[in-house]
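Colleague: Let me give you the structure first, and then I'll get to my questions.
The values are calculated or read from the model by the stated rules, or taken from the named source; none is laboratory data. Values in this document were obtained by computation on a predicted structure and should not be read as measured data. Ideal geometry is used to build each Cβ from the backbone, glycine not excepted, and the neighbour counts take in all protein chains shown.
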Amino acid sequence: MIEFREIAHGSADYQAAIELRERILRRPLGLAFEKTELEAEASDFHLGVFENTGPVVLVGCLVLTPTNSEIAKMRQVAVAETHRGRGIGQELVRHAERFARDRGFHELVLHAREEVVQFYRRLDYEVTSEPFLEVTLSHRRMRKRISPVDV
């Protein structure tokens, strides 16, 4: 069984999310988090998905960074390799949409790595840019309006 919940910045769950994000998103590119990057996340929303069929384990996470009172940027979406292909990423994004809407946001934006653009398209995100390089990889800007009827 899986459970979604907000993760407090600086908590043990936050540390687990950092480790997951580094393993999935950063290390393959030869990158590591800087202390200042993590400190800057204190005002962001951190969401996690936990498997609780045995010991509770973080299996996915993402960060929502408010850009203004109506728009939040979804970033650092990661699902453990062992849990991919089960719909967990899709459920996590849907959870983030509801979470953001409930806090008054009307739109989510993101920078999707080229290989996951179709994943977000299936979730009704639209591409809003030509490809661009970010952390050495091709990305596309994407967006989705969120409202009670959308999520």
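Colleague: Filtering segment 102-141 down to residues that are among the small types (Gly, Ala, Ser) and in a loop (DSSP other than H, G, I, E, B), which residue is farthest from SER69 (Cα to Cα)?
Modeller: In this case the residue turns out to be SER129.
Colleague: Please determine, by comparing only the residues of segment 24-41 that are among the aliphatic types (A, V, I, L, M) and either assigned to a helix (DSSP H, G or I) or out of contact with any Leu (no Cβ under 9 Å at 6 or more places or on another chain) (or both), which one is surrounded by the most Cβ atoms within 10 Å (Cβ to Cβ).
Modeller: Checked segment 24-41; the qualifying residue surrounded by the most Cβ atoms within 10 Å (Cβ to Cβ) is ILE24.
Colleague: Something else now. What is the residue count in segment 3-20 for residues that are closer than 22 Å to ARG103 by Cβ and either hydrophobic (A, V, I, L, M, F, W, C) or touching a residue at least 24 places away in the same chain (Cβ under 8 Å) (or both)?
Modeller: First pass over segment 3-20, keeping only residues closer than 22 Å to ARG103 by Cβ: 3-11, 13-14, 17.
Imposing the further condition that a residue be either hydrophobic (A, V, I, L, M, F, W, C) or touching a residue at least 24 places away in the same chain (Cβ under 8 Å) (or both) reduces the set to 3-10, 13-14, 17.
Qualifying residue count, segment 3-20: 11.
Each row is one residue, and each column tells you yes or no for (1) at pLDDT 95 or above; (2) surrounded by 14 or more Cβ atoms within 10 Å (Cβ to Cβ); (3) touching a Ser or Thr at 6+ places or on another chain (Cβ under 7 Å).
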position: PHE105; (1), (2), (3): yes, yes, no
position: LEU108; (1), (2), (3): yes, yes, no
position: ALA112; (1), (2), (3): yes, yes, no
position: VAL116; (1), (2), (3): yes, yes, no
position: GLU126; (1), (2), (3): yes, no, no
position: SER129; (1), (2), (3): yes, no, no
position: PHE132; (1), (2), (3): yes, no, no
position: ARG140; (1), (2), (3): yes, yes, yes
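Colleague: Looking only at segment 77-88, count how many residues are assigned to a helix (DSSP H, G or I) and either crowded, with 21+ Cβ neighbours inside 10 Å or in contact (Cβ under 8 Å) with a residue 60 or more places away in the chain (or both).
Modeller: Step one: of segment 77-88, the residues assigned to a helix (DSSP H, G or I) are 81-83, 88.
From what's left, either crowded, with 21+ Cβ neighbours inside 10 Å or in contact (Cβ under 8 Å) with a residue 60 or more places away in the chain (or both): 88.
Within segment 77-88, residues that are assigned to a helix (DSSP H, G or I) and either crowded, with 21+ Cβ neighbours inside 10 Å or in contact (Cβ under 8 Å) with a residue 60 or more places away in the chain (or both) number 1.
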